[in-house]
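The values are calculated or read from the model by the stated rules, or taken from the named source; none is laboratory data. Everything quoted here is computed from the prediction, not taken from an experiment. Neighbour counts are summed over all protein chains in view; Cβ atoms, including those assigned to glycine, are modelled from backbone coordinates with ideal geometry.
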Amino acid sequence: MAVSVDDAVSAGPVRDHTPPARRFGGRGRAVLEVALLTVLAVVMLFPVLWMVETSIKENRDVYAIPAKFFDFKVTVDHFKDVFVSSSGGRSGLSVSFLNSVVVAGVSTVLATVLGVPAAWAYSRFALKAKKDQLFFILSTRFMPPVVVVIPIFLMYRQVGLIDTQLGLILIYTAFNVPFTIWMMKGFVDEVPAEYEDAAMLDGYTRLQAFWKFTLPLLVPGIAATAVFALIFSWNEFVFAIFLTSSDDVRTAPPAIAGLIGGTTVDWGLVAASSVVFAVPVLVFAYLVRRHLVAGVTLGAVRR
Amino acid sequence: MGTVSVHGLCKSFGEVQALDGVTLDVPDGAFFVVLGPSGAGKTTTLRAIAGLEKLDAGSVHLDERDATGDTPAARDLAMVFQSYALYPRHTAYENIASPLRARRCSSSEVAAAVEQVSSLLHIERLLQRRPAQLSGGEMQRVALARALVRRPRAFLMDEPLTNLDLKLRVEMRTELTRIHRSLGGTFVYVTNDQVEALSMADQVAVLKEGKVQQVGTPTEVYERPANQWVAGFVGSPRISLLACHVEGDRLVGAEGWTLPRPRWTTVEDGRPLLLGVRAEDLSVEQRGNASLSGELYGLEPLGDRTVVDVRVGTKILKVKARPTVTGTPGERLLVTVDLDRAHLFDADTGLALSEAGR
């Protein structure tokens, strides 16, 4: 899976592999650049490094003053605590990680299944007020979750979706479908419609033509789009904390946030669960690294 | 195998009226060429026949049966696209086999048909390659093979030779004519290249701005253009057009020249006309039956012939001459006109005057 996605992505519509031209030459400038980038990298990466360090420090070293950067004992106890409860069974955190996998996975699949054919239709067919429709679809993402969470909470309470996985899956799908349509439309636009014309003259129906000839060419784009949707659902915090309350349903972001508070904070456990939480996103982001910038701008912005 | 007839096709894309009442009848087994400049609606016409374009008005009949609402698949046609539209992930073999696979032929039937068509087009050694590994000419042959692998009602070809280099294009012209002769079958062939139209067609339909200007054999279209525009579009070098009118027995040009009135015309005096003469019906070497005087404007040696530009008043006449012809610009020349082969057009409507008297 990992390799194939990456290979597939590289075959996608990203054509410009040339490095950006360096406008000013000179060794001094190069040194300055490296220095500046190093400073930025340290500033950006220090919290990550600190999180990773804390997750493998013994509790004694976690709370040591002055803080220990290098000279500490390595332990994996915190990681064990993430998955196994003190009484020996499955920990609450491991349940919330599983919930995150289910919610993010199902909502991504749904968004892809709904969004890809819609994107194809918007790309291929002449529709009345197509631009307005597309704008409307995009506009559903204009408002930040925090703004809409109260009305959604009230509606969910009416229909009994509060504190259910289905409720989260639906709201994440609703947020990911517009994104999928916009990003996939860019990819579909890149595939000549004539393949489908030719297939229809060969004797296939329009849907068969899409399924057999266009869809295989879209796989790289679908992979990239799905990863973006997955990352959104995986990271989502606001809806999760407002719409779920019980430990059985809760996803990882609110569960990890819930570790902080109370009289003492087990920073080692917080750090370890954060590391576990970050790993899938890092992996997927690595797989679609080429599309993280190019995919969004090319797929969604270019008409 | 099949007749194709379209009636009153209308199609607009936003503000642009691509088809404006196109009516065509393609007889069974014809090599029917739709000729026109870019934007004339040729491709739209073809796509309408194929069922790929939703029409604003008009009907498509295939084999005398109304097929206007049919899906492309149901129409039983094959098409060669200008871009070839070969499936990029499939080998040439699978591309060619696709129309048979769609119709659920057994793999032995598929293999036999693909083998036959690839030997017809000499592409046996390309079958395992993907489109990206083929040259333009090879892709063109594979696209052609995908169309020819079946015996559909008609073959539709959308400028299939346009993307080839000149040498290949000339070769494929002959090849396509050969294939049409050996397979039979109805071909509807769209092109903007008048040489293709004149050399390959049984019948030519000339299209301009979504309207049919003239339908006829290549000879008819060339020898008896229906209007001034067809006369100017078909033929190279371009036909020379001179404003004039009839006075009794004479044809008087706006540039002050006088020629005898062509015997075949009975047009009334004073009506504004355009005299159209093709380069081969003009001569600077004393042939023909009437003369115009002008001055040498330029020479265009083309190897087998030289085109002499002669200025008469403000107009430039294109005159076909032997390759040995020489002269210096500004030199006075006498251009003889073969009035029996000249054309007269109404200057207002552009329509050709009746040439019934000829």
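Name the residues in the range B:61-87 that are within 11 Å of chain A (Cβ to nearest Cβ), out of contact with any Leu (no Cβ under 7 Å at 6 or more places or on another chain) and in contact (Cβ under 8 Å) with a residue 40 or more places away in the chain, would you?
Of everything in the range B:61-87, those that are within 11 Å of chain A (Cβ to nearest Cβ), out of contact with any Leu (no Cβ under 7 Å at 6 or more places or on another chain) and in contact (Cβ under 8 Å) with a residue 40 or more places away in the chain turn out to be B:76, B:81, B:82, B:83, B:84, B:85, B:86, B:87.
Exactly one condition in (1) part of a helix (DSSP H, G or I); (2) of a type in the set (Gly, Ala, Ser); (3) surrounded by 11 or more Cβ atoms within 10 Å (Cβ to Cβ) is false for residue A:35; which is it?
Every listed condition holds for residue A:35 apart from (3).
Of all the residues that make up the range B:161-189, how many are in a strand (DSSP E or B) and touching a Pro at 6+ places or on another chain (Cβ under 9 Å)?
Filtering the range B:161-189 down to residues in a strand (DSSP E or B) leaves B:186-189.
Checking which are touching a Pro at 6+ places or on another chain (Cβ under 9 Å) leaves us with B:186, B:189.
Of the residues in the range B:161-189, 2 are in a strand (DSSP E or B) and touching a Pro at 6+ places or on another chain (Cβ under 9 Å).
Evaluate the range A:81-99: report whether one residue or more is under 20 Å from residue A:187 (Cα atoms), surrounded by 18 or more Cβ atoms within 10 Å (Cβ to Cβ) and within 20 Å of the chain's Cα centre (by Cα).
Of the residues in the range A:81-99, the ones under 20 Å from residue A:187 (Cα atoms) are none.
No, the range A:81-99 contains no residue that is under 20 Å from residue A:187 (Cα atoms), surrounded by 18 or more Cβ atoms within 10 Å (Cβ to Cβ) and within 20 Å of the chain's Cα centre (by Cα).
Away from chain B (no Cβ under 14 Å) and buried (at least 23 other Cβ atoms within 10 Å of the Cβ): which single residue out of A:187, A:242 fits that description? Walk me through it before giving the result.
Working: A:242 fails: buried (at least 23 other Cβ atoms within 10 Å of the Cβ).
Just one listed residue meets the conditions, A:187.
Any chance you could count how many residues in the range B:201-230 are hydrophobic (A, V, I, L, M, F, W, C), crowded, with 22+ Cβ neighbours inside 10 Å and more than 18 Å from residue B:41 (Cα to Cα)?
Going through the range B:201-230 one residue at a time, the tally reaches 2.
Residues are listed down the side, and each one gets a yes or a no for (1) polar (S, T, N, Q); (2) more than 14 Å from the chain's Cα centre (by Cα); (3) under 17 Å from residue A:179 (Cβ atoms); (4) modelled with pLDDT under 90:
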residue: A:215; (1), (2), (3), (4): no, yes, no, no
residue: A:238; (1), (2), (3), (4): no, yes, yes, no
residue: A:244; (1), (2), (3), (4): yes, yes, no, no
residue: A:248; (1), (2), (3), (4): no, yes, no, yes
residue: A:253; (1), (2), (3), (4): no, no, no, no
residue: A:258; (1), (2), (3), (4): no, yes, no, yes
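Given (1) away from chain A (no Cβ under 14 Å); (2) touching a residue at least 60 places away in the same chain (Cβ under 8 Å); (3) surrounded by 14 or more Cβ atoms within 10 Å (Cβ to Cβ), identify the lone condition not met by residue B:58.
Result: residue B:58 passes all but (2).
So residue B:41 fits all but one of (1) out of contact with any Leu (no Cβ under 6 Å at 6 or more places or on another chain); (2) closer than 24 Å to residue B:201 by Cα; (3) surrounded by 15 or more Cβ atoms within 10 Å (Cβ to Cβ); (4) more than 13 Å from every other protein chain (Cβ to nearest Cβ); what number is the exception?
(1)
Residues that are aliphatic (A, V, I, L, M) and either over 30 Å from the mean Cα position of the chain (by Cα) or farther than 25 Å from residue A:256 by Cβ (or both): does the range A:148-155 have at least one?
Residues of the range A:148-155 aliphatic (A, V, I, L, M): A:148-150, A:152, A:154-155.
From what's left, either over 30 Å from the mean Cα position of the chain (by Cα) or farther than 25 Å from residue A:256 by Cβ (or both): A:154-155.
Yes, the range A:148-155 contains a residue that is aliphatic (A, V, I, L, M) and either over 30 Å from the mean Cα position of the chain (by Cα) or farther than 25 Å from residue A:256 by Cβ (or both).
Quick check on my filter: what residues within the range B:68-85 are surrounded by fewer than 21 Cβ atoms within 10 Å (Cβ to Cβ) and either part of a loop (DSSP other than H, G, I, E, B) or not assigned by TED's automatic domain parsing to the domain that holds residue B:134 (or both)?
Going residue by residue through the range B:68-85, those that are surrounded by fewer than 21 Cβ atoms within 10 Å (Cβ to Cβ) are B:68-71, B:74, B:76, B:82-83.
B:68, B:69, B:70, B:71, B:76, B:82, B:83, listed by residue number.
Inside the range A:198-211, can you point out the residues that are in a helix (DSSP H, G or I), surrounded by fewer than 23 Cβ atoms within 10 Å (Cβ to Cβ) and at the interface with another protein chain (Cβ under 9 Å from one of its Cβ atoms)?
Correct list: A:206, A:208.
Being closer than 13 Å to residue A:182 by Cβ and assigned by TED's automatic domain parsing to the domain that holds residue A:196, is that true of even one residue in the range A:147-160? Spell out the reasoning first.
Here is the first cut: in the range A:147-160, the residues closer than 13 Å to residue A:182 by Cβ are none.
No, the range A:147-160 contains no residue that is closer than 13 Å to residue A:182 by Cβ and assigned by TED's automatic domain parsing to the domain that holds residue A:196.
Check whether at least one residue in the range A:152-160 is surrounded by fewer than 23 Cβ atoms within 10 Å (Cβ to Cβ), within 14 Å of another protein chain (Cβ to nearest Cβ) and in contact with a helix residue (DSSP H, G or I) (Cβ under 8 Å, 6 or more places away or on another chain), and report yes or no. Let's see the steps before the verdict.
First pass over the range A:152-160, keeping only residues surrounded by fewer than 23 Cβ atoms within 10 Å (Cβ to Cβ): A:152-160.
From the residues that got through so far, the ones that are within 14 Å of another protein chain (Cβ to nearest Cβ) too are none.
There is no residue in the range A:152-160 that is surrounded by fewer than 23 Cβ atoms within 10 Å (Cβ to Cβ), within 14 Å of another protein chain (Cβ to nearest Cβ) and in contact with a helix residue (DSSP H, G or I) (Cβ under 8 Å, 6 or more places away or on another chain).
So, in the range B:88-120, of the ones that are outside any helix (DSSP H, G or I) and within 25 Å of residue B:135 (Cβ to Cβ), which residue ends up farthest from the other protein chains (Cβ to nearest Cβ)?
Let us first name the residues in the range B:88-120 that are outside any helix (DSSP H, G or I), namely B:88-91, B:103-106.
So of that shortlist, the ones also within 25 Å of residue B:135 (Cβ to Cβ) come out as B:88-91.
On the way: B:88: 7, B:89: 6, B:90: 9, B:91: 14 Å.
Residue satisfying both the conditions and the ranking: B:91.
Answer yes or no: is there a residue in the range A:136-147 that is surrounded by 23 or more Cβ atoms within 10 Å (Cβ to Cβ), away from chain B (no Cβ under 14 Å) and closer than 30 Å to residue B:52 by Cα.
Residues of the range A:136-147 that are surrounded by 23 or more Cβ atoms within 10 Å (Cβ to Cβ), as a first pass: none.
Scanning the range A:136-147 turns up no residue that is surrounded by 23 or more Cβ atoms within 10 Å (Cβ to Cβ), away from chain B (no Cβ under 14 Å) and closer than 30 Å to residue B:52 by Cα.
Taking the condition under 30 Å from residue A:97 (Cβ atoms), in a helix (DSSP H, G or I) and either assigned by TED's automatic domain parsing to the domain that holds residue A:256 or at pLDDT below 90 (or both), does residue A:234 pass?
For residue A:234, the condition - under 30 Å from residue A:97 (Cβ atoms), in a helix (DSSP H, G or I) and either assigned by TED's automatic domain parsing to the domain that holds residue A:256 or at pLDDT below 90 (or both) - is met.
Among the residues that make up the range B:129-139, is at least one of them modelled with pLDDT of 90 or more, more than 18 Å from residue B:73 (Cα to Cα), within 26 Å of the chain's Cα centre (by Cα) and within 14 Å of chain A (Cβ to nearest Cβ)?
Among the residues of the range B:129-139, at least one is modelled with pLDDT of 90 or more, more than 18 Å from residue B:73 (Cα to Cα), within 26 Å of the chain's Cα centre (by Cα) and within 14 Å of chain A (Cβ to nearest Cβ), which makes the answer yes.
Those residues that are of a type in the set (Val, Ile, Thr) and either out of contact with any Ser or Thr (no Cβ under 6 Å at 6 or more places or on another chain) or at positive phi (or both), I need them from the range B:57-115; list them, please. So that I can check it myself, show each step before the final result.
Here is the first cut: in the range B:57-115, the residues of a type in the set (Val, Ile, Thr) are B:60, B:68, B:71, B:80, B:91, B:96, B:110, B:114.
Matches in the range B:57-115: B:71, B:80, B:91, B:96, B:110, B:114.
Inspect the range B:8-17 for any residue being buried (at least 20 other Cβ atoms within 10 Å of the Cβ), assigned by TED's automatic domain parsing to the domain that holds residue B:208, not in a helix (DSSP H, G or I) and not charged (D, E, K, R) and give the result as yes or no.
Here is the first cut: in the range B:8-17, the ones buried (at least 20 other Cβ atoms within 10 Å of the Cβ) are B:9, B:11.
This time we only want the ones that are assigned by TED's automatic domain parsing to the domain that holds residue B:208, so: B:9, B:11.
From what's left, not in a helix (DSSP H, G or I): B:9, B:11.
Then keep just the ones that are not charged (D, E, K, R); that gives B:9.
Yes: the range B:8-17 contains one or more residues that are buried (at least 20 other Cβ atoms within 10 Å of the Cβ), assigned by TED's automatic domain parsing to the domain that holds residue B:208, not in a helix (DSSP H, G or I) and not charged (D, E, K, R).
Answer yes or no as to whether residue B:28 is surrounded by fewer than 23 Cβ atoms within 10 Å (Cβ to Cβ) and more than 14 Å from chain A (Cβ to nearest Cβ). Spell out how you get there, then give the answer.
Details: surrounded by fewer than 23 Cβ atoms within 10 Å (Cβ to Cβ): yes; more than 14 Å from chain A (Cβ to nearest Cβ): yes.
The answer is yes for residue B:28.
Quick check: anything in the range A:219-227 within 11 Å of chain B (Cβ to nearest Cβ) and either of a type in the set (Val, Ile, Thr) or surrounded by 20 or more Cβ atoms within 10 Å (Cβ to Cβ) (or both)? Explain how you work it out, then say what you get.
Of the range A:219-227, the ones within 11 Å of chain B (Cβ to nearest Cβ) are A:219.
Filter again for either of a type in the set (Val, Ile, Thr) or surrounded by 20 or more Cβ atoms within 10 Å (Cβ to Cβ) (or both), leaving A:219.
Within the range A:219-227, one or more residues are within 11 Å of chain B (Cβ to nearest Cβ) and either of a type in the set (Val, Ile, Thr) or surrounded by 20 or more Cβ atoms within 10 Å (Cβ to Cβ) (or both).
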